[in-house]
1. Among all the lysines, which ones have a C-alpha under 27 Å from Lys251's C-alpha, if same-chain residues fewer than 8 places away are not counted?
2. What are the ³J(HN,Hα) values, in whole Hz, obtained from phi via the Karplus relation 6.51 cos²θ - 1.76 cosθ + 1.60 with θ = phi - 60°, for each residue of region 109-117 in sequence order, with x given for Gly and Pro?
3. For the pair Ala94/Ser111, report the inter-label distance in nm, with labels modelled 7 Å from Cα in the Cβ direction.
4. Just want to confirm a number: the relative contact order over the chain, from Cα pairs under 8 angstrom separated by 6+ residues, in percent.
5. Let me test this: with uniform point scatterers at the alpha carbons of the chain, what is the Debye-based log₁₀ I(q)/I(0) at q = 0.09, 0.14, 0.16 1/Å?
6. Using modelled amide H (1.01 Å from N, peptide plane; none on Pro or chain starts), what sits under 5 Å from the amide H of Val73, excluding residues fewer than 5 places away?
7. Output wanted: per-residue J couplings in Hz (rounded whole) for region 246-262, from phi through Karplus 6.51 cos²θ - 1.76 cosθ + 1.60, θ = phi - 60°, x for Gly and Pro.
8. Can you list which of the GluC sites (Glu not before Pro) found in region 94-199 are DSSP loop residues with at most 15 other C-beta atoms within 10 Å?
Amino acid sequence: MGSKRASRTPRVMSRILSGPEAIAAGIAELTAHRPVAFPTETVYGLGADALNEEAVHAVFSLKGRPSTNPLIVHVSGIEMAQPLVEEWTERADAIARAHWPGPVTIVLKKSGCVPGIVCAGGETVAIRCPAHPVALALIEAFGRPIVGPSANPSGWISPTTPEHVLAGFPEKDLVIIDGGACRAGIESTVLDLASGAPRVLRPGVVGRDLLSNTLGVDVEHASLVEDGSPLRSPGLLGAHYQPRTPCRLVKSSDLASAPSAAAVIAWSISSHPSGGVFAGLPGDPEGYASGLYSAMHRADAGPCGEIWIEHPPAGDNAIWDAVLERLARATKSG
Ligand code: AMP
Ligand code: MG
């Protein structure tokens, strides 16, 4: 009798690793030009050598990301950022000194060493220094800047835990470095410093007021700039951050009529009114932002035909602006 030796090639599976072993495995992947998932304080990123075109290409292809959507380059500090840009301006220096490591990305004119693929063929590069010890350890050990788009298939909900990354790429041979749950929970603020007046291209947990204080000039929101120029951040339009299940924003007063077939994500109640899948969120902006993507992942994993998201509490706060931008795009159809 023949033994049941596998005639098929073994199935490759993504792996979650932690500790020094994880950093070593991450460096091996980066060196081999294979993407590696790593934690930051915002969301998990898909890392690759930012100065190597083949490595960056592998990230676009794993995510299914359109080549028109540029990537953020992650650095371990100002020194690593400077060679990436044509000129490290006074404004860039002020922002970096005040907000790095942290969730603020700055856009500047790129230098010749940054491959065109990173910047979607444009003249500018987006750079940030993440405030997460594991991300910093990885970049420092690699000794080179790494790109780090969110570690999810393009358009899908961003991951804030290693398990979310795994859910996005279940049958890929991806090394996922475990850094726990992401603290901030939504993507960095993207600040354009490459053209005239500084402006926010993507809202994040660091708001315009804070950035204006740092720079001593008013920082505008890109959509408010009426100079006729196109938006400088091509990835910031249309549907994004989407669960696979159709999603809609509802008023608090509508929650009572949620059917059990609809998953509910809410902050003002503590259980599903009809006993269906429920994910609760805190009512404060930091807590809400930190838990939002996890709640969306949980609701999406359930057997529901629809996800109802309660409109967040109104409030004049930069984090609520950022949350509302994500929710508008998560619930946008088409
Ligand atoms: P993600 O990688 O998913 O966090 O998305 C990164 C965001 O940064 C995208 O929406 C890009 O449009 C924006 N971004 C990256 N590079 C640039 C750049 N050179 N100019 C303007 N926006 C950029
Ligand atoms: Mg993303």
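None of the figures in this text is laboratory data; all of them are computed from the coordinates on show. Note that the structure is a prediction, hence the values are computed from the model and not measured. Counting neighbours? That spans all protein chains shown, and the Cβs are built from the backbone with ideal geometry, glycine included.
1. Excluding near neighbours in sequence, the set is Lys332.
2. Each residue of region 109-117 in turn: 5, 7, 9, x, 7, 8, x, x, 4 Hz.
3. Reported label-point gap for Ala94 and Ser111 is 2.3 nm.
4. In percent, rounded to a whole number, it is 19.
5. -0.48, -1.10, -1.38
6. When sequence neighbours closer than 5 places are left aside, the close amide H contacts are Ala126, Ile127, Arg128.
7. For region 246-262, the Karplus curve yields x, 10, 9, 8, 10, 6, 4, 6, 8, 4, 4, 9, 5, x, 5, 6, 9 Hz.
8. Glu123, Glu171
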